[in-house]
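Presented below is the structure to which this report refers.
Just so it is clear, none of the values below were taken in a lab; they were calculated from the coordinates. Bear in mind that the values here come from a model prediction, so they are computed numbers and not experimental data. In this analysis, Cβ positions are derived from the backbone assuming ideal geometry, glycine residues included, and neighbour counts consider all displayed protein chains.
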């Protein structure tokens, strides 16, 4: 009789199948995590959504209305006309500015060297404070007065060949403001005496002599050098030695040009008119009136004589107790 083996229900194979099943279920559970809804959403009130939609519609309508009004204002006939006027005015101003710049560049390019020097000289003369200066007058202690007048071509009227009216006017003004003194004399810048037959001597100061001197200056035919140095030196050499004890002398120089050596002229005047070691004063005071004219308007690059005249006579007047006055026109 055959002996049969007993069959076990819970064998090793059964356990393997059971574990595999549980593993499969676990794997499916892990894979399904996150695929569903994260949470339960709270329901939204439909009325709130509708209110928000109405507010959004109102805002959009308001924006559209304002945009339409702005566009209408910008494109209105009045605005367009005003804008066109402004643009036209801007164009006119730009055109005018361009024309002025072009004219300025043209004038600047055509401005000669002599004209540039004249403009610079005029600027320099205007910078001097001549308006508020006191009248040149006569120093209170002067008893003898000598006038040295530039009668060169630059001081004359080219039509009449006489001295410019401004020069005669200045001499007249000085004589009118001059009190009666003991003696008077007139020279040109070359050292020539203007009154005939009166060389090297003092003349008594009388109304008749002053009128004669004015007529002689107006009709003086001699063209002197355009330089104050010879005339002032001549006056000091001839007339200063003729002063008596206690006499004081003043020299009035009227001109527009200086062509000599500045330092040399100052040294010569210091020797001819030294200071008194005791009092520190000079016996002769030297004053000047300068006019703005050219040395040679036809020579390009010519030095501006009145600038040199102003510089040297300022030094002379300051050193010799005088006054310098620069006139704005002749």
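A few notes on this one:
- The stretch 120-326: mean projected area of Cα convex hull, nm²: 11.6 nm²
- Using 0.36 nm per residue and subtracting the Cα-Cα separation, the extra length available between residue 115 and residue 88 on full extension is 5.9 nm.
- Pairwise FRET efficiency - residue 270 versus residue 168, Cβ, R0 = 45 Å, nearest 0.05: 0.90
- Rel. contact order, % - alpha carbon contacts under 8 angstrom, at least six apart, the stretch 238-289: 51 percent
- Length gained when the stretch residue 105-residue 259 is fully extended (0.36 nm per residue, less Cα-Cα span): 52.0 nm
- Cα→Cβ-extended label distance, 7 Å offset, between residue 65 and residue 95, nm: 4.6 nm
- Nearest-0.05 FRET efficiency for residue 81 and residue 215, computed from C-beta distance (R0 51 Å): 0.10
- As a proxy for reagent exposure, 99, 238, 188 were ordered by neighbouring Cβ count within 10 angstrom, fewest first; the result is 99, 238, 188.
- Working ranking of peptides 283-291, 196-204, 82-90 by packing, defined as the average number of other Cβ atoms within 10 Å per residue, highest first, is 283-291, 196-204, 82-90.
- The packing ranking, built from the mean of other Cβ atoms within 10 Å per residue, places the peptides 66-73, 318-325 in the order 318-325, 66-73, highest first.
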